[in-house]
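> Before I ask anything, let me first share the structure, which is written out below as structure tokens.
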Amino acid sequence: MNYVARKKKFVLTVALAMFASLGAGSVAVLAHGGEDHSEKKAPAVSAGVGMVARVARVGDIEVVIKHPAVEPDKETAARVFVTRFGTNDPVGNAKVIIALEGGGSPIEATVAPSNTPGLYEVKLPPLPKGQYELSARVEMAGVVQTAQYGALEVAPPPPGSVESGASWARTALIGLALLTGIGLIGVVLYRAMGLAHRNRIKGEAATA
């Protein structure tokens with residue numbers, strides 16, 4: 001292997017080693033986002049990032065309501081899935097009404113069927129901050145059954161969610177700075193070794 005090839009190999013090895021050592025810390029921070037994962041209460045049901053799924057069974061029908069966090073005084077879009085409990089077959093001929101009770105008169109929202117059998121859509125009306133009992137009234141073939149889901153919390157997003165987004169942005173900037181620094185160090189090493197090589201050739205020529 002000639003000198004130039006050895007030089008390129010050395011620079012590449014140094015750059016990779018620095019990337020592995022410095023980049024590992026930033027990747028770890030990105031993965032955890034500064035959150036404490038030591039002890040977490042498992043949610044009743046999770047349905048992806050930023051979504052909550054509530055499941056209830058009435059007779060042989062299973063009704064799943066999926067919605068994001070409900071904030072005060074904001075309309076919230078939700079989806080309702082109605083299926084047969086035993087076979088998981090979609091039920092496309094049901095009439096579903098979502099009810100919310102929070103001490104005053106019940107608030108109701110009628111669910112509209114979509115083009116997909118068993119999938120319904122509903123918009124929860126703007127609600128004041130507070131706790132509401134969520135239920136779904138399902139009517140099929142003249143029979144009405146009510147699924148109970150327990151408490152639904154209507155509250156502003158916690159400050160931690162905003163801080164988490166800012167922390168992720170800071171971490172991304174730190175990672176970018178690390179990568180830029182590694183690249184600059186590689187360039188400096190490459191040029192320094194090139195200069196040393198030229199000086200060595202000049203020295204050999206002078207003594208020849």
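The values are calculated or read from the model by the stated rules, or taken from the named source; none is laboratory data. Quantities reported herein were computed from a predicted structural model and do not represent experimental measurements. Using ideal geometry, Cβ is built from the backbone for each residue, glycine included, and neighbour counts are taken over all protein chains shown. With ligands, DNA and RNA removed, areas are computed over all heavy atoms of the protein, side chains included. Shrake-Rupley method; radii C 1.70, N 1.55, O 1.52, S 1.80 Å.
> Can you name the condition, by its number, that Pro117 falls short on among (1) at pLDDT below 80; (2) surrounded by 13 or more Cβ atoms within 10 Å (Cβ to Cβ); (3) assigned to a loop (DSSP other than H, G, I, E, B)?
(1)
> Based on what the data block shows, is Gln148 open to solvent by 70 Å² or more (accessible area, probe 1.4 Å), in contact (Cβ under 8 Å) with a residue 40 or more places away in the chain and not in a loop (DSSP other than H, G, I, E, B)?
Numbers: open to solvent by 70 Å² or more (accessible area, probe 1.4 Å): yes; in contact (Cβ under 8 Å) with a residue 40 or more places away in the chain: yes; not in a loop (DSSP other than H, G, I, E, B): yes.
When the stated conditions are applied, Gln148 passes them.
> For the range 156-182: of the residues being at pLDDT below 90 and within 30 Å of Glu101 (Cα to Cα), which is least open to solvent (accessible area, probe 1.4 Å)? Quick ask: steps written out before the conclusion?
From the range 156-182, those at pLDDT below 90 are 157-182; that's our starting set.
After this cut, where a residue has to be within 30 Å of Glu101 (Cα to Cα) as well, the list is 157-162.
Working: Pro157: 68, Pro158: 82, Pro159: 97, Gly160: 41, Ser161: 62, Val162: 105 Å².
Looking at the filtered set, the residue picked out is Gly160.
> Does any residue in the range 81-97 that is within 13 Å of Val63 (Cβ to Cβ) come within less than 6 Å, Cβ to Cβ, of a residue that is in a strand (DSSP E or B) and open to solvent by 50 Å² or more (accessible area, probe 1.4 Å) six or more places away or on a different chain, and which pairs are these?
Thr83/Pro90; Phe85/Arg57; Lys95/Glu139; Ile97/Glu108; Ile97/Thr110; Ile97/Arg137
> On the basis of being within 22 Å of Gly50 (Cα to Cα), touching a strand residue (DSSP E or B) at 6+ places or on another chain (Cβ under 9 Å) and polar (S, T, N, Q), does Thr116 make the cut?
Values: within 22 Å of Gly50 (Cα to Cα): no; touching a strand residue (DSSP E or B) at 6+ places or on another chain (Cβ under 9 Å): yes; polar (S, T, N, Q): yes.
Spelling it out, it is not the case that Thr116 is within 22 Å of Gly50 (Cα to Cα), touching a strand residue (DSSP E or B) at 6+ places or on another chain (Cβ under 9 Å) and polar (S, T, N, Q).
> Would you confirm, using the coordinates I've provided, whether Glu153 is modelled with pLDDT of 90 or more and open to solvent by 80 Å² or more (accessible area, probe 1.4 Å)?
Yes.
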